[in-house]
1. List the residue ranges in chain B for DSSP H helices whose C-alpha atoms run 20 angstrom or more along the long axis and whose Kyte-Doolittle average is -1.0 or above.
2. Does any residue of segment B:48-65 lose at least 20 Å² of accessible area with all protein chains in place compared with its chain alone, and if so which ones (probe 1.4 Å)?
3. By how many degrees, 0 to 90 and rounded to 10, does the Cα axis of helix A:85-94 deviate from the longest principal axis of chain A?
4. May I ask you to evaluate 6.51 cos²θ - 1.76 cosθ + 1.60, the Karplus curve with θ = phi - 60°, for each residue of segment A:408-422 and list the ³J(HN,Hα) values in order in whole Hz, giving x for glycine and proline?
5. In the neighborhood of residue A:243, defined by Cβ-to-Cβ distances under 13 Å, what is the net charge if each Lys or Arg adds +1 and each Asp or Glu adds -1?
6. Using only the Cα atoms, work out Rg/Rh for segment A:58-105, with Rh taken as the Kirkwood radius, to two decimals.
7. Sorted by mean Cβ packing within 10 Å, highest first, what order do the peptides A:382-390, A:168-176, A:92-100, A:549-557 take?
8. Can you list the aspartates and glutamates whose alpha carbon sits under 20 Å from that of residue A:333, skipping same-chain ones fewer than 8 residues off?
Amino acid sequence: MFARKSRWNAIIVLIITMLFISSILFLGIRANTEVEEQFIEQFKQGQTSQAQQISTGITTFLNEKVTMLEVLSIQPNQIPDDNFELIFANIYEKSKGFYVIEYADENGTIISGYPEENTPLGYNLYENEKSIPFDIIQQTGETYITDPLTTFEKELAIYVWVPVYVGEDDFKGAFVAVIEIDEIAEETIKTENPAGYIYLINDHARLLYDSAETELIGKNYFDIVNEPDVSRLEIIGMQTEGLSGSGSFSERNENGFLEQKIISYEPVIWKNQQWSVGVVTPLWYVESLVQSIYIKQGLFAMISVAFILFIGSFIALILFSWNKTLEDEVKSKTSELERSNDYLQNANRKLKELDRLKNDFVSMVSHELKTPLTAMKTSSEFMKETECDPEVKEEMLDLIIRNIDRQARMVDDLLDISRIESGRMKFNPEDVNVRDIVETSLQTVEKQAKDKGIDIKVGYPEESLTIKTDKDKLIRVFVNLLTNAIKFTPHNGEVEISVTDFGDHIQASIRDNGIGISAEKREKIFDKFYQVDSTATRKAGGTGLGLAIIKGIIDRQGGSIFVESETDKGSTFTFRLPKELKEEDFTEIEQY
Amino acid sequence: MEKETLDKDIMRLLEEQPDISTKEIAEKLSVSEDVVAKRVEVLSDTREKILIVDDEPDAVIATKRALEADGYNVIDAGNGAMAFDLLRSDIPDVILLDVMMPDMDGFEVCKRLKEDPVYRNIPVIMLTAKGEIEDKVGGLDIGADDYVTKPFNLKELKARIKTVLRRAQD
C-alpha cells in the first residue's frame, strides 16, 4: 500500500517537474525567437543606415569634384594660356578619384588634360560623333553627367561635362572629367562584413558596382538575377524607381543552396543621375551573431532544468523518506499491537488454563471427598436397616473408620497442597541427623512391610550425616516414598534406601522391585490426584496428593525429585536436598 | 462364547442325568472340575444379579454388602475394562456404573454397552457425584436407564434398582 503511495508521489513530482521544464523550454524558445526578430530588425536598421551613409558618401564625393570644376569653369577674363593644365594637375593631385580631367575648346577638340597619358589630345568630338553631351551643355549652360560608360581601358566610368565660360556667357568649350566607378566605390564603400555584399545600380538596373562579383559589372541586373524569387525583382524595381527601404529575399549561394538574405537599399540622386545602393547580408550571418545569445539561453535553460530536476528529486526523496518514516512507524506500531495482542492472548490462554486447572481441581476434590462419604453413608445406612452378622458389622465399622481417616488425611493433604501452592508452607529448620530420620520413617512403615514380607535394606554414608532442614517434613518425604514403594512391591519383595553425601547436598534414593511405572505415567506422577494404580490394585487410603506434596516440600527447599523406572522391574525415586537451608531462602519462600 | 457352549453342554448333561456329579461332567467335557462347579453354581443361582463397576473398593464393599443382604447376587469390577471381561461370562440383570473412573469413565462404558446388541438390554444405573450430569450432559441420552447422586441414600438406590428391574422384566 505504501509502495503504491510513494509511486504516486514520484509520478506527481515527475509531472510537476516536467511542467516546469517544458515551460522553461517554451519560454526560452519564445524569447529566442523574439530576440532574433528584434535583432534582425536592428540589423536591418543598421544596414539601412549603412546604405544611407554610402549614398551620402557617393553624392558628397562627386559633388566635391564637380563643384571644383564648376568654380573653375567661370573664367572672368580669358582661358589660361596653359589651357588649365596646371590647375588640372593640382586638382588631380589634391582630389583623388579622377581618372582624367580634360579641356575641350569651343570646337569640341580636346586641347589639354591631366594626366597627359590619359588624355587623347586633339580628339575632336564632332569628328568622332561624341558631341551629344557637348551640345547639351552648350545649350543648357549646366553641368551634365553621362550615364556610366566604358572607357578605353574597359573600365566603367562617368563623364562629367562642365561648360566653360569667359565672362557672363562666352562659351569657351567644356571640362570633361572621367571618374571611374571603381574609384568612387573605393573611396565611399566600405564592406563591413565578409559574408554580405554591396552593389550599385543605376535607374536602368545596370550594375555599376558589385563588391562580390566584379565580372558582372556593366550588365543589367534583371539579366543577372537567376532566381525566380519575385521579391528580389520587386526590390530591384523599387531601386530603379529611386525608393529606399529594406526587405528579404532568397538567393542561391556558390554551392547552389538557397540562402535567405536581407537587403537595405537607398537611392543615390546626383545631378541628372539616379542610382541605388544595395547592402545585402545573408540571414545566417545575422543569426550567427545571435548564436552566442542562443548558447547562453540554452545554458540557462539547462541549468534551470538541472535545478528543477534536483529540486524535484529532492522533494521526491523527502516524500519518500516521509512515507518511509510513516510506514516504519505504522509497522512498529503494528508489531507493538501484535506483541501486546500476543501477550494478551497468551495471558488469556494462561488464565483459561488456570481456570480449567482450578475447575478440574475442584471437581477432583469434590469427588475425592465424596467417595469416602458415599462408602460411609452406604455402610451406616445398611447397618441401621439390617440386623447383620457381627462379622459383616465389624467389616462395615472398619470401613467407616478407614474412610473417616482417609477423609481426615485428604483434608490435611489439601491444606498442605494449598500452603505449598500459595507459598505459605512453613519450614522450621533444625540440625537433623539423616540416619535418625530414616530410622523413624522405617518404624512408621515397619508394620506394612512386615505384612507383605518385604525386606527393607538401608545404605548410609560411613560418617554421620547432619543437615539443616525441617525434620517432620523430611520424615514425611521418607514415609511417603517408603509407603509407595511397599504398596507397589509384591509380597516378599525388596525395598532399598540409600543416602549419599554430595558435599553441599544430600541425595536419597528409594528403590523397589515392583511393577514399575511407564514413561507416560512418569510424567504425570507428581501431578495432583494422579494415581498410578488402576482400581484393582489400589488399596484404600491414598489421596493422590502424596507425591505432589513431597515434591512441593523438596522444591521449596531448593531441592529436586525425580523418578527412574522400568516396567515390571521396579522404580527408583531419588531426591536431592541442600544441606543448609538458609534464612534468605525462607524469606524468598515466604514471598513466593 | 466358549462359556455359553460350556453352559449348554452342562445343561444338556444335567437333563440327561439329573444326578450326575460335577466330576463326571468335568470328565465328559474334559474341563477342570472347579470350572464346572463354578458354572453349575452360577447356573443354579436364581437371584437377580447386579454388577457394580466402581474404582473405589470401599464404596463397592459397602454397596455390595447392603445389596447382598437384600438377596441380590452382586458381582463387581474395578474399572471399565474389567467389567467387559466379566460380562463375557456373567450377564447381570442390572449394572451400577460409577462415572468417575480412570482410563475409561462411566459414560464411555455405558455408551459401549448400549452399542453392543448383547448388552444393550441390560439396565444401567449411573452412580454420579452431583454436578457431573450437568457437566457432561448426556448421562441419560447415551442410554443410561437411571442415575443416583453420590452419596446416595441406600433406600433410594434399592428402589431404583427394583424399578429398572421391573421395567426390564416387562
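The values are calculated or read from the model by the stated rules, or taken from the named source; none is laboratory data. Given the structure is predicted, the values throughout are model-derived calculations rather than measurements. FYI the Cβ positions are ideal-geometry reconstructions off the backbone, even for glycines, and counts take in every protein chain you see. Surface areas here come from the heavy atoms of the whole protein model, side chains and all, with no ligands, DNA or RNA. Shrake-Rupley method; radii C 1.70, N 1.55, O 1.52, S 1.80 Å.
1. Length and hydropathy pass: B:154-169.
2. B:55, B:56, B:57, B:58, B:59, B:61, B:62, B:65
3. That works out to roughly 10 degrees.
4. Along segment A:408-422, the couplings run 4, 4, 4, 5, 4, 4, 4, 5, 4, 4, 4, 5, 4, 5, 9 Hz.
5. That sum, taken over residues with Cβ under 13 Å, equals -4.
6. 0.97
7. Packing order, densest peptide first, comes out as A:549-557, A:168-176, A:92-100, A:382-390.
8. A:342
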